[in-house]
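Participant: Handing you a structure now.
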Amino acid sequence: MKTRILSAIVMLPVLIALVVIGGWPLQIFIGALGLIAMHEYYHAFSPENLWLHGISYFFAVIYIMFIHEISSKYFGIFVSLFLVVLLIYTVVRHAKTKPIDGMTGFFGFFYGCFLLSHIYLVREFTYGNIFIWLVFLSAFGCDTGAYFVGVTLGKHKLIPDLSPKKTIEGSIGGILTATILCLIYGYVIGKYFKMEDVNILLLCGMTGFIGSILAQIGDLAASAMKRMVGLKDFGRLIPGHGGVLDRFDSVILTAPAVYYLMFFLIRVQG
């Protein structure tokens, strides 16, 4: 526990500073996290296919470098090209590569890099410097609320096969905690920022509710994957926390939720 707390004390200010700064420093940081997350995933599921991993890393770097253009205009072309190259590789190297390996390479990019990149996309979106914190409020608020409610009131197991300690009461407590925190945040910023093109409380409330549900799904999905390959943690990068996928397993799904809620609920002025 001591190591876990010390790691958080060191890393939290760095993460906050990069999110506040935004721009290319955050882009590089999120890109690096994405590549590390991909490495953790590939090491868990197909550690021997280094050339195939290299193809996936290459496309991940291209995606991060040109994230604005790809995400807004050329995503279909990018994904199609990426998939075609992976399929060509599996055909050429069919003697040593199974089709499932190509699928692993494809999914590893989306799970480890693409979903995580929405932290940067949220920060660079309209009012992103304000609403980026909803990503962490919904994810970590849910984790904290679920833990304390589960410890004090938890009686009914949620999915014991995946996470023996998680309870239904804790899950509900996490959703309520995240939703309330996001609504409080929305109320506070509404006092200081006038945004005629966005319903702040609606956006914050939906983010807290939907984001907290997705945060728990992300956590349970990571647990299921680790159980499948017999791992306790995906990595050891962060002392006391494991790897990137271990620490950001809930954020991986809350970040896209915040981004697309912003996309549909904020009326961008032309």
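The values are calculated or read from the model by the stated rules, or taken from the named source; none is laboratory data. Remember, predicted model here, so these are calculated numbers, not experimental data. Here the Cβ is made from the backbone with ideal geometry for all residues, glycine too, and neighbour counts use every protein chain on show.
Participant: Filter the range 118-144 down to the residues that are outside any helix (DSSP H, G or I) and not aliphatic (A, V, I, L, M) and list them by number.
Facilitator: If the condition is that a residue be outside any helix (DSSP H, G or I) and not aliphatic (A, V, I, L, M), then 125, 126, 127 are the ones that fit.
Participant: So, one more: Find the residue count for the range 36-54, including only residues that are crowded, with 20+ Cβ neighbours inside 10 Å and of a type in the set (A, V, I, L, M, F, W, C).
Facilitator: So the answer is 4.
Participant: May I pose another question? All but one of (1) in a loop (DSSP other than H, G, I, E, B); (2) within 29 Å of residue 43 (Cα to Cα) hold for residue 197, so report the exception by its number.
Facilitator: Answer for residue 197: the failing condition is (2).
Participant: Right, something else. Criterion first (at pLDDT below 95, surrounded by fewer than 16 Cβ atoms within 10 Å (Cβ to Cβ), among the hydrophobic types (A, V, I, L, M, F, W, C) and more than 21 Å from the chain's Cα centre (by Cα)) does residue 87 satisfy it? Talk me through it step by step, then tell me what you get.
Facilitator: Numbers: at pLDDT below 95: yes; surrounded by fewer than 16 Cβ atoms within 10 Å (Cβ to Cβ): yes; among the hydrophobic types (A, V, I, L, M, F, W, C): yes; more than 21 Å from the chain's Cα centre (by Cα): yes.
For residue 87, the condition - at pLDDT below 95, surrounded by fewer than 16 Cβ atoms within 10 Å (Cβ to Cβ), among the hydrophobic types (A, V, I, L, M, F, W, C) and more than 21 Å from the chain's Cα centre (by Cα) - is met.
Participant: Let me ask you something else. Given the conditions (1) under 19 Å from residue 111 (Cβ atoms); (2) at pLDDT below 90, report the number of the one that residue 82 does not fulfil.
Facilitator: Condition not satisfied by residue 82: (2).
Participant: Listed residues 152, 177, 144, 207; which is at pLDDT 90 or above, under 16 Å from residue 250 (Cα atoms) and surrounded by fewer than 21 Cβ atoms within 10 Å (Cβ to Cβ)?
Facilitator: The match here is 144.
Table: residues versus (1) among the polar types (S, T, N, Q); (2) touching a residue at least 40 places away in the same chain (Cβ under 8 Å).
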residue: 140; (1), (2): no, yes
residue: 167; (1), (2): yes, no
residue: 173; (1), (2): no, no
residue: 180; (1), (2): no, no
residue: 184; (1), (2): no, no
residue: 209; (1), (2): no, no
residue: 222; (1), (2): no, no
residue: 231; (1), (2): no, yes
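Participant: May I pose another question? Any residue at all in the range 92-108 that's crowded, with 16+ Cβ neighbours inside 10 Å, in a helix (DSSP H, G or I), under 16 Å from the mean Cα position of the chain (by Cα) and not polar (S, T, N, Q)?
Facilitator: Taking every residue of the range 92-108 in turn, at least one turns out to be crowded, with 16+ Cβ neighbours inside 10 Å, in a helix (DSSP H, G or I), under 16 Å from the mean Cα position of the chain (by Cα) and not polar (S, T, N, Q).
Participant: Yes or no: residue 219 in contact with a helix residue (DSSP H, G or I) (Cβ under 9 Å, 6 or more places away or on another chain), in a helix (DSSP H, G or I) and under 23 Å from residue 248 (Cα atoms)?
Facilitator: yes
Participant: From the list 70, 62, 77, 28, which one is out of contact with any strand residue (DSSP E or B) (no Cβ under 6 Å at 6 or more places or on another chain), exposed (fewer than 13 other Cβ atoms within 10 Å of the Cβ) and more than 17 Å from residue 100 (Cα to Cα)?
Facilitator: 77
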